[in-house]
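The structure appears right after this line, and notes come after that.
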Amino acid sequence: MSKNIDWSNLGFGYIQTDKRFVSNYKDGAWDDGIITDDATVTISECAGVLQYAQTCFEGLKAYTTEDGHVVCFRPDLNAQRMADTCRRLEMPVYPEDKWVEAIVKTVEANIDWVPPYGSGATLYIRPYMFGSNPVIGVKPADEYQFRAFCTPVGPYFKGGAKPIVIRVSDFDRAAPNGTGHIKAGLNYAMSLHAIVDAHNKGYSENLYLDPATRTKVEETGGANFIFITKDGKLVTPKSDSILPSITRRSLMIVAEKYLGMEVEHREVYLDELKDFAECGLCGTAAVISPVGKIDDHGTEICFPSGMNEMGPITKKLYDTLTGIQMGRIEAPEGWIKVIK
């Protein structure tokens, strides 16, 4: 029985649901994991996560499709990305097949919290892992906890996706050979000052440049860029310090296979932004946030798509991908994991 919630007025915040999945790593092995009612985490005051920020996370959604199924979108890619993150942070990999199983179990245990089709709301799932045993010398922890909880969230854009204004940031998001390509908690901690500063100055987001030359576009604090050229090509920035967004990778396939567009995944230079017709930020939460204007230290780069609505090609990409997710358009094989 679905929860009695005003789904269309939900914000993007945490609401505690009934159950969560917990598995512990000890003596070199993961236990089988359990579904539990307990939403609290109990760890040592000296836990590795508290001393040296040894933690990582993922984000994905479950939602109700047009024909009433509850599904997840490409969870295998989240599992793979967390495995890559764990290897980089010297954390044990939670087996990818078991990872997807844990997500399925978590959603099944909270099935009444999955918003109905057409409400615009979704069930956001947050899997994460952290070092749990005492660590005082600088080294990886020996014990870890992997958890997954979920929370219902409202539509990212209430009243439609209005184009945002972003700025070229003076801060670097990642070091040239650092951790920009993985979903480590520490990447987000160091981006907080930059985003608060941007918001205080009236901007919605930061555009981060490559840390080595500061001439190439990388990403924002939590999303990859997509650009549309004046002749209708999709261009996405390529860099070793960009997080490989699952939404962005999916949009590239949608553009080519569904919309017949030419797709370029390449280095994008700051000085070519003025030549693009449309710009968007893509990620799990919003799918695509349209960008109307970029402020480069007082020089405004205004996209022809304007400040009133999403550009026409970006809109087509958005409608096609959300159509696939919601079951209105047939999905490529393996994209939709049916839970119920």
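Starting from 0.36 nm per residue, how many nanometres of slack lie between Val196 and Thr40 once their C-alpha separation is accounted for?
53.3 nm
Would you be so kind as to identify which of Ile301, Leu317, Met261 lies farthest towards the positive end of the dipole of the range 247-340, taking Lys and Arg as +1 and Asp and Glu as -1 on Cβ and the Cα centre as origin?
Leu317
Using a 1.4 Å probe over the heavy atoms of the protein chains, calculate the carbon and sulfur portion of the accessible area of the range 195-340 as a whole percent.
Using a 1.4 Å probe with all protein chains present, the range 195-340 comes out at 49 percent carbon and sulfur.
Can you pull the one-decimal nm distance between simple spin-label points at Asn177 and Ala29, each 7 Å off the Cα toward Cβ?
Each label point is offset 7 Å from its Cα along the Cβ direction, giving 3.7 nm.
Whole number in Å², please: accessible area per residue of the chain, 1.4 Å probe, ligands, DNA and RNA not counted.
45 Å²
Tell me, what HN-Hα J-couplings in whole Hz come from the Karplus equation 6.51 cos²θ - 1.76 cosθ + 1.60 at θ = phi - 60° for each residue of the range 166-177, using x for Gly and Pro?
With coefficients 6.51, -1.76 and 1.60, one gets 10, 10, 6, 8, 8, 7, 9, 7, 8, 7, x, 10 Hz.
What 222 nm value per residue comes from the helices of the chain, counting each DSSP H run with n ≥ 4 as -39,500 (n - 2.57) and dividing by all residues, nearest 500 deg cm²/dmol? Please report the intermediate quantities before stating the final value.
Working: 6 runs with 71 residues, N = 340.
One gets -6500 deg cm²/dmol as the mean residue ellipticity at 222 nm.
Taking 8 Å as the Cα distance limit and 6 or more residues as the minimum spacing, I'd like the relative contact order of the chain as a percentage.
On the way: 744 pairs, mean separation 65.7, N = 340.
Once divided by the residue count of the chain, the mean separation gives 19 percent.
For the range 77-92 and the range 144-220, what is the separation of their Cα centres, given in Å?
After rounding, the separation between the Cα centres reads 20 Å.
Over 18 Å between C-alpha atoms is what I'm after, so list which of Lys162/Lys230; Lys61/Lys340; Lys316/Lys337; Lys233/Lys315; Lys105/Lys183 land there.
As for pairs spanning more than 18 Å Cα to Cα, those are Lys162/Lys230; Lys316/Lys337; Lys105/Lys183.
Which of the trypsin sites (Lys or Arg not before Pro) found in the range 203-284 are in a DSSP loop and have at most 15 neighbouring Cβ atoms, other than their own, within 10 Å? Could the numbers behind the result be given before it?
Numbers: sites: Arg214, Lys216, Lys230, Lys233, Lys238, Arg248, Arg249, Lys257, Arg266, Lys274; in loops: Arg214, Lys230, Lys233, Lys238.
Those satisfying the criteria are Arg214, Lys230, Lys238.
Taking amide H positions as placed 1.01 Å from N in the peptide plane, with prolines and chain starts having none, which residues 5 or more places from Glu278, or on another chain, fall under 5 Å of its amide H?
For Glu278, whose amide H was placed from the backbone, the distant partners under 5 Å are Ile228.
Please identify the helices of the chain, taking whole runs of DSSP H, that span at least 18 Å along their own axis as judged from the Cα atoms and have a mean Kyte-Doolittle score of -0.5 or higher.
96-109, 185-200, 312-325
Could you tell me whether the chain comes out rounded, prolate or oblate from its Cα gyration tensor? Rule is a ≥ b ≥ c as square roots of the eigenvalues, rounded for a/c under 1.5, then prolate if a/b exceeds b/c, otherwise oblate.
oblate
Which aspartates and glutamates, if any, have their Cα less than 20 Å from the Cα of Lys19, not counting same-chain residues under 8 positions apart?
Qualifying aspartates and glutamates at Cα under 20 Å: Asp31, Asp32, Asp37, Asp38, Glu58, Glu101, Glu108, Asp112.
Could you pull out every residue, at least 5 positions away or on a different chain, whose amide H is within less than 5 Å of the one on Glu267? Hs are placed 1.01 Å off N in the peptide plane, and Pro or chain starts have none.
Lys238
Over the range 100-179, what percent of the accessible surface lies on carbon and sulfur atoms, probe 1.4 Å?
Working: 1740 of 3120 Å².
Within the range 100-179, the accessible surface is 56 percent carbon and sulfur.
Mind checking the dipole of the chain: about its Cα centre, +1 per Lys or Arg Cβ, -1 per Asp or Glu Cβ, Debye to the nearest 20?
Dipole size: approximately 360 debye.
Which FRET efficiency value, to the nearest 0.05, do you get for Val138 and Lys162 by plugging their Cβ-Cβ distance into 1/(1 + (r/R0)^6) with R0 = 51 Å?
With a Förster radius of 51 Å, E is 0.65.
The values are calculated or read from the model by the stated rules, or taken from the named source; none is laboratory data. Everything quoted here is computed from the prediction, not taken from an experiment. All Cβ positions, glycine included, derive from the backbone under ideal geometry; neighbour counts span all protein chains shown. For the accessible areas, the whole protein counts, side chains as well, though only heavy atoms, and no ligand, DNA or RNA atoms are used. Shrake-Rupley method; radii C 1.70, N 1.55, O 1.52, S 1.80 Å.
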